[in-house]
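A.B. asks: Encoded as structure tokens, here's the structure I'll be asking about.
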Amino acid sequence: MKSAPLAAVCLGLLLSCTCWAKPNGPKGKKPKQVIPAIECDVRAGKINLPEFIAKCPAHCKETKQQVYGSGVFASISSICNAAIHSGVITNAGGKVIVKKMAGQNIYKGSSSNGVRSLSLPKWRESFVVTVGKPKKGVIYPATLDYVPSRPTYVKTSQKEAKSPPVTTELPTAAAPEPTTTTTPQPSSTSSTTLAPSTPPPTTPPPTTPPPTTTKARAAVHKVRDAGNGHPYLASEPSASSRQQPHNGPGGSGPGQRRPEPGATIRRQPSSPAGPAFPRRDWPPASFPRPDWFPGTRHPADVSYAAPDSGYTWTETDTPGITAWDHRPDISEYERWLYRFGSNLPRAPDSDGGRKVPLDTTYTRVEPVDSWRPDASIYQSGYNVREEEPAARVPEPASQGAPECKVDLVFLMDGSWSIGKRRFKIQKDFLSEVAQTINVGVTGPVMGVVQYGDEPVTEVSLKSASSSRELRSAIEKITQKGGPSHVGKALGYINKQFFSDANGNRGGAPNVAVVLVDGWPTDKVEEASRLARESGINIFFVTIEGADDVEKKNLIENDFVDKAVCRTNGFFSLPVSSWFALRKLVQPLVKRVCDADRLVCSKTCLNANDIAFVIDGSSSVGTGNFRTVLQFVANITREFEISDTDTRVGAVQYTYEQRLEFSFTQHGNKADLLNAVKRIDYWSGGTSTGAAISYAAEQLFSKSKPNKRKIMIVITDGRSYDDVRQPALAVHRQDVIAYAVGIAWASQDELEYIATDPDKEHAFFVDEFDNLYKFVPKIVNNICQEFNSQPRN
């Protein structure tokens, strides 16, 4: 009788194990990753996905496709050559994973694995490349969503069948069938299973974005038209990647915006982004925008925007508006205290009656009645008493010397060669410089980097808000030791030290003073060149330099001349002895504060006076004239526009000449681009020679001495007058002349107008719609000539 119940129990256990082994029917197969192939010339900006996997072909290195940056690349870089540069793949090709990220203020060029990358001042979007091995459970899109190229127009008499939409999934982590619970299933392989009676789905199931986000969503992407891809097409982020305004409590802080999960935050240096700025569209033009340069520097929603065709006139080129605190009932002082924290000293009653002045280093001078004395800040019990209103007014010394507004870093020698005694002399020298230069928020800020085997930031630009704090920080520095790797230290400050996160203010010149005991133990020429191209003014202070016998041991002869900003003697200060270093304090401070002579702060984008001489003759026509204005705008917007940076003027000509606007008329980019838009078509004859003379008289005669004078002549026909003499006259005035001819323009006249060599300054195109091709060529040539000018 007992054997029957025992058999029943065994049978029940057997059935339970069987059910556990197969909880949901047949075991789902692991989805297979399909890897799409790309060509060597495909740029990351042409693919409208935040993260994807791709396969590069072999021999991409030989294609010489350009790469911008090191480690983090601008989105106009070739994906495959960037992967070779990073060491992710070899020239034999292979699989790579591309992950996009926010744009950088600067991209540093370098040579790695046989690929030479270039430097770029700034770009709106970046990406990094990793080995093409997806993480477990992550599936990337099997097809790539390319940014659409110029629109294709079909005659009304032709009827074509619409092709079915193709859907592509974002990178997803394979998960169980969607349910309302988050309890994990006891299955070794997570997969999506469908009942046999369920028909095949026409859209992908709800998926999750790349592994860095948690919000689930599905995305539908268009497949690139195989015959419509254009090598200069720029990518635009989708609507989901734009920042959303913060309109309620619980935000990350006053005046800040909280992004939606999965959104990509981009810091755009030249123009704001977001739905708070109205959109005003220019009529769509007939040519696509080049991808070599960023185009509109704000995210645009490609779901409703017209096909991108060069520069689009919008109101979003106006300066950015900082979001205000959403609590209108608090005072200015309370708002400041909420942002920077309760860092003020407490009342003097806890210190024996001694008054402690308020630290007003970062405060603004406010009216006395702008806040309420004895007010409880957010009922926290912390009271600020104002017995004497004058105590809140910052002293002039705490703000620094406004006539010396520089971002300064000293590279101090921490190698073993100088010893402890001379290292102490070096620290005393830096302390005296800190006291003399008068550090403050409206004047100079100063940091210290110690170099030896490896460079180390001892004091960042934002660490010390006064000379007293800076001297205290310098006193705590200890010697690191090692060889004198000056070249490595210069590369460090170029890539890492002068950054926004480290306190770089952007509007102040960047200055680096290198202290060297004897001579460096590595090469400095290449690192110094990259630093100069980034706008860093390099000074060298050499103490007890090499004598004639010791010079034979130098790794790099004339290393000072190869490193400093200019070789005219202003940037090099030799000192015969460490004990004479103290005498150098005043002369050195005077030099680093002389902003007019810090010439390396000028780059190819902020040191020009550019004059456009535009043909307004009858042969151009109204439609083509608007295309010419878009070409002018596309070039203009690549430069930093202000009264102290690049300035732009314009002349339109027929038989006569008309000054549309001068160099001093528009001091910011938004006003300038609107002025270009408002130029009216004139119509008439073609007198190019007289127009060149008119531009020299009305524009270049008023050019600043420290500006590079550049003239860009745009014409579509042969001139009725002589162009040779006017062109020679402007060449003698050191004007760099570019000639752009369209349709019926005379090739010999273009060569007369253009500065030698003609092939780099004279361009001809048969149609107005192809003008966009010359935007990157002209801007790139301007930068190359700037960077190659003599350094004496």
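The values are calculated or read from the model by the stated rules, or taken from the named source; none is laboratory data. Here the structure is a predicted model, which means the values were calculated and not measured. In this analysis, Cβ positions are derived from the backbone assuming ideal geometry, glycine residues included, and neighbour counts consider all displayed protein chains. Accessible surface areas use protein heavy atoms only, side chains included; no ligands, DNA or RNA. Shrake-Rupley method; radii C 1.70, N 1.55, O 1.52, S 1.80 Å.
A.B. asks: What accessible area per residue comes out for the range 407-597, rounded to a whole number of Å², with a 1.4 Å probe?
C.D. replies: That works out to 42 Å² per residue.
A.B. asks: Which FRET efficiency value, to the nearest 0.05, is calculated for Asp594 and Tyr720 with the Förster distance at 41 angstrom and r the Cβ-Cβ distance?
C.D. replies: 0.25
A.B. asks: In nm, to one decimal, how far is the modelled label at Glu39 from the one at Leu728, with both set 7 Å along Cα→Cβ?
C.D. replies: Spacing of the two 7 Å Cα→Cβ label points: 4.7 nm.
A.B. asks: Something else about it: Over the range 407-597, calculate the relative contact order: mean separation of alpha carbon pairs under 8 Å at least 6 apart, over the residue count, as a percent.
C.D. replies: About 22 percent, as a whole number.
A.B. asks: Sort Tyr140, Tyr655 by heavy-atom solvent-accessible area, probe 1.4 angstrom, most to least.
C.D. replies: Tyr655, Tyr140
A.B. asks: I'd like the carbon and sulfur percentage of the solvent accessible area for the range 407-597, probe radius 1.4 Å, heavy atoms only, ligands and nucleic acids excluded.
C.D. replies: Reported share for carbon and sulfur atoms: 48 percent.
A.B. asks: With viscosity set to 1.567 mPa s and temperature to 4 °C, compute the Stokes-Einstein D of the range 407-597, Rh being the Kirkwood radius across alpha carbon pairs; µm²/s, no decimals. Walk me through the numbers before you get to the answer.
C.D. replies: On the way: Rh = 16.4 Å.
Here the translational diffusion coefficient equals 79 µm²/s.
A.B. asks: Can you work out the accessible area per residue across the range 44-131, with the rest of the protein chains kept in place, probe 1.4 Å, in square angstrom?
C.D. replies: Values: 2920 Å² over 88 residues.
Ligands and nucleic acids excluded, the figure is 33 Å² per residue.
A.B. asks: Given the whole protein assembly as supplied and a 1.4 Å probe, what does the accessible area of Leu120 come to in Å², nearest 10?
C.D. replies: About 10 Å², ignoring ligands and nucleic acids.
A.B. asks: So if R0 is 22 Å, what FRET efficiency would Asp453 and Thr478 give, r being the distance between their Cβ atoms, rounded to the nearest 0.05?
C.D. replies: 0.90
A.B. asks: State which entries of Lys46/Lys135; Lys523/Lys552; Lys46/Lys669; Lys420/Lys562; Lys55/Lys99 exceed 19 angstrom in Cα-Cα distance in the structure shown.
C.D. replies: On the way: Lys46/Lys135 25 Å; Lys523/Lys552 15 Å; Lys46/Lys669 27 Å; Lys420/Lys562 29 Å; Lys55/Lys99 14 Å.
Over 19 Å Cα-Cα: Lys46/Lys135; Lys46/Lys669; Lys420/Lys562.
A.B. asks: For the range 734-792 and the range 62-90, what is the separation of their Cα centres, given in Å?
C.D. replies: Taking the Cα centre of each part, the range 734-792 and the range 62-90 sit 28 Å apart.
A.B. asks: Okay, next question. Starting from the Cα coordinates of the range 525-638, work out the convex hull volume and express it per residue in Å³.
C.D. replies: Convex hull volume per residue, Cα atoms: 143 Å³.
A.B. asks: Starting from the exponent 0.38 and prefactor 2.2 Å, build the expected Rg for the range 608-787 from its residue count and divide its actual Cα Rg by it. Mind showing how you got there, number by number?
C.D. replies: Details: Rg = 14.5 Å, N = 180, 2.2 N^0.38 = 15.8 Å.
Dividing the Cα Rg of the range 608-787 by 2.2 N^0.38 Å gives 0.92.
A.B. asks: Further, regarding this structure: Given a 1.4 angstrom probe, I'd like the percentage of the accessible area of the range 608-787 that is carbon and sulfur, rounded to a whole number.
C.D. replies: About 46 percent, which is the carbon plus sulfur part of the accessible surface.
A.B. asks: Could I ask something else about it? Rounded to the nearest 0.05, what FRET efficiency do Gln665 and Glu785 have when you use their Cβ-Cβ distance and R0 = 30 Å?
C.D. replies: Values: r = 26 Å, r/R0 = 0.88.
That gives a FRET efficiency of 0.70.
A.B. asks: Separate question: Given the whole protein assembly as supplied and a 1.4 Å probe, what does the accessible area of His731 come to in Å², nearest 10?
C.D. replies: Approximately 60 Å² for this residue.
A.B. asks: Considering only DSSP beta bridges where both residues belong to the range 407-597, give the percentage that are antiparallel (nearest 5).
C.D. replies: Antiparallel bridges: around 10 percent, rounded to the nearest 5.
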